[in-house]
Amino acid sequence: MSVYGTLTKTLFRINFSPRRILGTSYSDSKGKRILIAVAILYVVVAYWGGFGYLFYDLARTLSGIPGMIESLLFYVYIYAIGTTVMIVFFRADAMLFRFADFSILGPLPIKARTLVAAKTTVIMANVYVTALLATAPIAFGYFAFAAPGIAGILLFLPSFLAAPLLPAVAAALLALGIHAVTDRLPKSRTLNTILMFAFFLGIMMSSFSFTGAGEENPLLAQSAVIAAMGARFWPMGWFAAAVHEGSLAGFALLFATGAVPFAGFVVLLSRSILKTNARSRNDLGTRRRKALEYRSGSAFKAMLAKEWRTFVGIQMYVFNAGFGPVILVVASVASLFFADKVMAFLTDMTEGAVIPTNFMIFGFIAFAVGMVYTSAVSLSIEGKRLWIVKSLPVSPSTVIDAKLWFNVLLGSIPGVFALVLFAISFAIPPLDAAAMAAGVLAFSFLTSAIGSIVNLRFPKFQFHHEVEVVKQSLGALIGVFGGFGVAIAAGFAIYGLGRVMPWQAAVVVVALLAAGIGYALRLRALRLAENLFIRYNA
Amino acid sequence: MLKISHFSKSYDGKKKACDDVSLTIEAGEIYGFIGHNGAGKTTLLKSIAGILDFEDGEIEVDGHSIKKDPLAAKRVLAYIPDNPDVYEPLTGMQYLNFVSDIFGIPAADRKPRIERYAAMFEILGVLNDPIATYSHGMKQKLVIISALVHEPKVFILDEPFVGLDPKAAFQLKEIFRDLCAKGALIFFSTHILEVAEKLCTKIAIIRRGQIVASGPTQEITKDGSLEEVFLELIEK
């Protein structure tokens, strides 16, 4: 086998084994197998079910309008390249420009272009799998109602593989450019994180800006805009032509405009990429000239402070688990000045559904707080450093409790802050706001306790980069979707109780229930910690 | 005092990484722990530090069972692993304050200790830098300082001299002697037999999970060198 083949095979084995991805193996226990299956099923049903229905419905509508069904292929293209840009932009640094195993691979007698080609293959495998999962419901809608010829069907897969190449190169260069600039500036890590957030929020706002509020199917209003984009952005048109018309010329153009820049990126930039890796990590540090501070505090406070510093010190951790608090603060502050626009944004987020203002705000805050899942991954993030807390005179329950409360603080402080500002902006009565605040606090506590149990049961201590824990672990998966699940369940409970009592009372009752369950789960997590900690390998 | 009685540990339930190990290390002793790769050294050291669970036997640290009363045992113990993996997002100072807070060392007490050891190991000037920017040796020094900040009675080290520059290695040996003079005990593993021979008051040799020799260094080596004795024992 060639060097490229051997290297790629090894990297695939390292990156895509179930143990590597989930932090556990299917064969570990029957309980784990069941939980993993339930988690995957939940995601598939929640995403493919909801999203799939919307696109199936859209495809049915578009099939009745002559010449419109092929615009679904524009959706496939846009969702595929959107996924590509997000993955490459946020992971290129850890997977390509400063990969953790450079100290192992760098000294080996492997050509720069072979090494970079193998690394990019791994990233693109990530891209293709995610893009396929994201676009499968759209493609299903298209193929269910359109009738492309055999050539089109055959060209779908190669076109799908060619489409992300150009955006991947662009996103990688953008990420490299941002790092090249910010690394030279003081507070580079913070600046970099802010730029990443700005980029992501920009994409999010622009995608919402052409969603149709109030439409029966919110995707319908997008189709005209997307069709117009397809006419102007040539690769989109080539992709649609290749599949819908079976156009070989369309495929050739798509392939050439993707493969040539991609190959050029690998061949021409491989030496520079390895130089970026070889640059001493000492250059990345920000030297502080402040006097040393000797402040003492309690062990619990020290654990909390350590959690905070670890959180802000890992960019992908902040970006993923901290996105909820950021969007809460941004949206609530913006509501003071642009209440109408924020309301339109929230309406867009609810896919145009007509919901009373109080519930929409409450739901938005719950959604954002549910995205805070540090308690579901922070034990895993200890990784090879688990020996520290295991050898120190601090009980496992204290360690887990600190991680739990850190999550509560991270979610509830911005949650209550946002609620206060929203209450001012949208004139929510104080008592209503107080009931909602109780709900936010209880929800944050309950999801944090669930996260703690998840992480204790599914720790992932073996990883090369923290992003593997933050984004690719079972803890992260269950942590985020579990939070959303609790939010939906709480919503139904409030709705149900609201039929027999005032909604404010319903919120308080559900909050008390959530707090009670959360407390019981916290006690369970602390007991689990005492039993399991010593068994973890460190 | 560190007392290990009939200690056994198996990772897979079949093969024993350590088998019926018994050792007693008194205050003031520098005890070297020698063995080939995979002999069971790290397993025993991690178990003493309360990091690894074990099936059989008992480990008492200053009279406290590491199994039954782990927090009391850990309060008088310091452990340094063979690989200094520490919290890279923190600065060196934040890490030292974190460890000091866990041990409840008042700011007034930790300050002179940190300054003394950080100056001795020449990392005082970088303590406000993120640990991510430290070299392997600097991380090793930071972990050693964090272990010394609470003045442990029992000092457990796994290959402590690996990664240290000659000056730092010399200073660590001086610290060992100083701690022992104050009544602490040192138990460390090493592959550097010359160091063990010159530094240790007692030595234990482990082979395939079992102690094959232990006692005062001079009794073990007799007229030969430790290297000769070690090779003879492990090839039996």
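The values are calculated or read from the model by the stated rules, or taken from the named source; none is laboratory data. Just so we're clear, the structure is a prediction, and the values are computed from it rather than from any experiment. All Cβ positions, even for glycine, are placed from backbone atoms using ideal geometry, and neighbour counts span all protein chains on display. What goes into the accessible areas is simple: the full protein's heavy atoms, side chains included, and nothing from ligands, DNA or RNA. Shrake-Rupley method; radii C 1.70, N 1.55, O 1.52, S 1.80 Å.
Residues of the range B:67-106 buried by at least 40 Å² of accessible area upon assembly of all protein chains, compared with the chain on its own (1.4 Å probe): B:Leu71, B:Lys74, B:Asp85, B:Tyr87, B:Pro89, B:Leu90, B:Met93, B:Gln94, B:Phe98, B:Asp101, B:Ile102. Using the Cβ-Cβ distance between B:Ser65 and B:Ala169 with R0 set to 25 Å, the FRET efficiency from 1/(1 + (r/R0)^6) comes to roughly 0.15.
Grab the other residues whose beta carbon is less than 12 angstrom from that of B:Ile66, score K and R as +1, D and E as -1, and report the net. Net charge around B:Ile66: +2. How big is the gap, in Å, between the Cα center of the range A:377-428 and the Cα center of the range A:485-528? Using only Cα atoms to place each centre, the spacing works out to 20 Å.
Using C-alpha pairs below 8 Å separated by at least 6 residues, the relative contact order for chain A is 17 percent. When +1 charges are put on Lys and Arg Cβ atoms and -1 charges on Asp and Glu Cβ atoms, the dipole computed for chain B relative to its Cα centre reaches about 340 debye. For the range A:64-96 versus the range B:200-223, the inter-centroid distance based on Cα atoms is 66 Å.
When you filter the chymotrypsin sites (Phe, Trp or Tyr not before Pro) in the range B:11-88 for DSSP loop state and at most 12 other Cβ atoms inside 10 Å of their Cβ, you are left with B:Tyr11.
Checking the Cα-Cα distances for B:Lys46/B:Lys139; A:Lys460/B:Lys67; A:Lys187/A:Lys460; B:Lys16/B:Lys182; B:Lys74/B:Lys111; A:Lys290/B:Lys182 against a 28 Å cut-off, the pairs over it are A:Lys187/A:Lys460; B:Lys16/B:Lys182; A:Lys290/B:Lys182.
I'd like the FRET efficiency for A:Phe143 and A:Ala37, computed as 1/(1 + (r/R0)^6) with the beta carbon distance as r and R0 of 25 Å, rounded to 0.05. E(calc), rounded to 0.05, equals 0.35.
For the range A:303-391, chymotrypsin sites (Phe, Trp or Tyr not before Pro) meeting the loop criterion (DSSP other than H, G, I, E, B) and having at most 15 other Cβ atoms within 10 Å: A:Phe338. Contact order for chain B, expressed relative to its length and based on alpha carbon pairs under 8 Å spaced 6+ residues apart, stands at 28 percent.
FRET efficiency for the pair B:His36 and A:Ala46, taken as 1/(1 + (r/R0)^6) with r the Cβ-Cβ distance and R0 = 56 Å, rounds to 0.55. Accessible surface for chain A, divided over its residues, is 44 Å² per residue with a 1.4 Å probe. When the inverse distances between all different Cα atoms of the protein assembly as shown are averaged and flipped, the Kirkwood radius reads 29.2 angstrom. Amide H to amide H distances under 5 Å link B:Ile203 with B:Gly32, B:Gly215, B:Thr217, where only residues 5 or more positions off or on other chains count and H is placed in the peptide plane.
Per-residue ellipticity at 222 nm, computed for chain A from helices alone with -39500 (n - 2.57) per DSSP H run of at least four residues, works out to -25000 deg cm²/dmol. Per-atom-type breakdown for the protein assembly as shown gives carbon and sulfur 64% of the accessible area (1.4 Å probe, protein chains only). Once you order the gyration tensor axes a ≥ b ≥ c over the Cα atoms, which shape class does the range B:130-236 get: rounded for a/c under 1.5, otherwise prolate or oblate by comparing a/b with b/c? Because a/c hits 1.5 or more and a/b exceeds b/c, the range B:130-236 counts as prolate.
Loop exposure criterion: GluC sites (Glu not before Pro), DSSP state outside H, G, I, E and B, at most 13 other Cβ atoms within 10 Å. Applied to chain A, the longest stretch between such sites is A:294-538.
Of the trypsin sites (Lys or Arg not before Pro) in the range A:450-538, the ones in a loop by DSSP (not H, G, I, E or B) with at most 13 other beta carbons within 10 Å are A:Arg499. Using the Cα centre of chain A as origin and beta-carbon charges of +1 (Lys, Arg) and -1 (Asp, Glu), tell me which of A:Ala435, A:Val329, A:Leu173 is placed farthest towards the positive end of the dipole. The listed residue farthest towards the positive side: A:Leu173. Dipole magnitude for the range B:28-85: computed about the Cα centre from +1 point charges on Lys and Arg Cβ and -1 point charges on Asp and Glu Cβ, it is near 140 debye. Between the amide H of B:Leu157 and those of B:Ile80, B:Phe187, B:Phe188, B:Ser189, distances stay under 5 Å, these residues lying 5 or more places away or on another chain, with hydrogens modeled in the peptide plane. Rounded if a/c is under 1.5, else prolate if a/b beats b/c, else oblate: with a ≥ b ≥ c from the C-alpha gyration tensor eigenvalues square-rooted, which is the range A:117-176? The shape class here is prolate. The distance linking the range A:300-318 with the range A:443-484 is 16 Å (Cα centroid to Cα centroid, whole angstrom). Dipole check for chain A: with +1 at the C-beta of Lys and Arg, -1 at the C-beta of Asp and Glu, and the Cα centre as origin, the magnitude is about 2520 Debye. Couplings 3J(HN,Hα) for the range A:34-42, derived from phi with the Karplus relation 6.51 cos²θ - 1.76 cosθ + 1.60 (θ = phi - 60°), are 5, 5, 5, 4, 5, 4, 5, 4, 4 Hz, where x marks Gly and Pro.
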